[in-house]
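What follows is a single structure, written as C-alpha cells, with notes after it.
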Amino acid sequence: MMQKGIDSYIRERFQVPDVDIRTYSPLALAYIGDGVFDLIIRSVVVGRGNTKPNRLHQRTSQVVKAHTQAQIIEYLLPQLDEEEADIYRRGRNANSSTMAKNATVADYRKATGLEALVGYLYLTDRFERLMDLIKLAADGLELDL
C-alpha cells in the first residue's frame with residue numbers, strides 16, 4: 001500500500017486542487033525543490049546533533065549551495081532514469097532571471113536542474129526515490145551532514 005506523500009497531504013488539508021505536473025515550468029519545480037532539498041538537509045543536520053544554530057547553518061549551507069548541488073547532480077546523473085534525466089535537463093536549461101551569488105553560471109544551472117528534479121520527485125510523491133538519491137550522493141561524495 002502506497003502512503004500519501006506530504007504534498008498530497010498539504011493539498012488535501014488546504015483544499016488545493018490537483019494540477020497536472022506536466023504543466024509546471026521547470027523553474028516552478030526548482031522553486032519547490034529548493035525548499036524540499038533545504039528541509040531534507042536541515043533535518044539530517046539537526047538530527048545528527050543539537051548544536052548552536054550558527055553551526056547548524058554552516059553545515060547546511062555547505063550542502064545547499066550551488067557548487068555542492070552541482071557536484072551532487074554530476075554524481076547522480078548515471079543513476080537517473082530517462083524521465084528523471086529529462087526533468088534535470090529541463091531545469092538546467094531553463095532561463096532564469098536570477099543568479100546565485102558566489103556561484104558560476106554552470107554550477108547555478110546544474111543546481112537549478114537538481115532542484116527541479118527534487119521538486120518533481122516531491123510533487124509526484126516519489127519521496128523514497130528522492131531520499132535514495134540524496135543518500136547515495138551524501139555517501140558517495142562524503143558530504144559533511
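Restricting attention to the stretch 12-63, which chymotrypsin sites (Phe, Trp or Tyr not before Pro) occupy a DSSP loop and are surrounded by at most 13 other Cβ atoms within 10 Å?
14
Cβ under 15 Å from residue 140's Cβ, residue 140 left aside: what net charge do those residues give with Lys, Arg +1 and Asp, Glu -1?
Counting the neighbours of residue 140, the net charge comes to -4.
Could you provide, to the nearest whole Å², the per residue accessible area of the chain with probe 1.4 Å?
Dividing the accessible area of the chain by its residue count gives 63 Å².
Would you mind counting up the charge near residue 19? Only other residues with Cβ under 12 Å from its Cβ, with Lys and Arg at +1 and Asp and Glu at -1.
-1
Could you give the distance between the Cα centres of the stretch 54-102 and the stretch 112-145, to the whole Å?
The distance from the Cα centre of the stretch 54-102 to that of the stretch 112-145 comes to 10 Å.
Relative contact order for the chain: what percent, with Cα pairs under 8 Å and sequence separation of 6 or more?
With pairs under 8 Å counted, the relative contact order is 38 percent.
With volume of the Cα convex hull per residue in Å³ defined as stated, name the option among (i) 123; (ii) 173; (iii) 138 computed from the structure displayed.
Comparing each candidate, only (iii) matches the computed number.
In whole percent, and with a 1.4 Å probe on the protein chains, what portion of the accessible area of the chain is carbon and sulfur?
Of all accessible area on the chain, carbon and sulfur atoms account for 52 percent.
How much length would be gained if the chain were fully extended between residue 55 and residue 6, taking 0.36 nm per residue of separation minus their Cα-Cα distance, in nm to one decimal?
14.8 nm
Once phi is turned into ³J(HN,Hα) by the Karplus curve 6.51 cos²θ - 1.76 cosθ + 1.60 with θ = phi - 60°, what whole-Hz value does each residue of the stretch 122-136 show in order, with x for glycine and proline?
The phi angles translate into 5, 5, 9, 6, 9, 5, 5, 5, 4, 4, 4, 5, 5, 5, 4 Hz.
At 222 nm, what helix-only mean residue ellipticity would the chain give, in deg cm²/dmol to the nearest 500, using -39500 (n - 2.57) for each DSSP H run of four or more?
Estimated from H runs of four or more residues: -22000 deg cm²/dmol.
Extending each Cα 7 Å along its Cβ direction at residue 85 and residue 142, get the distance between those two points in nm, one decimal.
If labels sit at residue 85 and residue 142, their model points lie 2.9 nm apart.
Would you mind working out the magnitude of the charge dipole of the stretch 30-145 relative to its Cα centre, with +1 at each Lys and Arg C-beta and -1 at each Asp and Glu C-beta, to the nearest 20 Debye?
620
Magnitude of the Cβ-charge dipole of the stretch 1-82, K/R +1 and D/E -1, about the Cα centre, nearest 20 debye?
Here the stretch 1-82 has a charge dipole of around 640 debye.
The values are calculated or read from the model by the stated rules, or taken from the named source; none is laboratory data. All values derive from a computational prediction rather than experimental measurement. So basically every Cβ, Gly included, is an ideal-geometry build from the backbone, and we count neighbours across all protein chains shown. Keep in mind that these areas ignore ligands, DNA and RNA; they rest on the heavy atoms of the full protein, side chains included. Shrake-Rupley method; radii C 1.70, N 1.55, O 1.52, S 1.80 Å.
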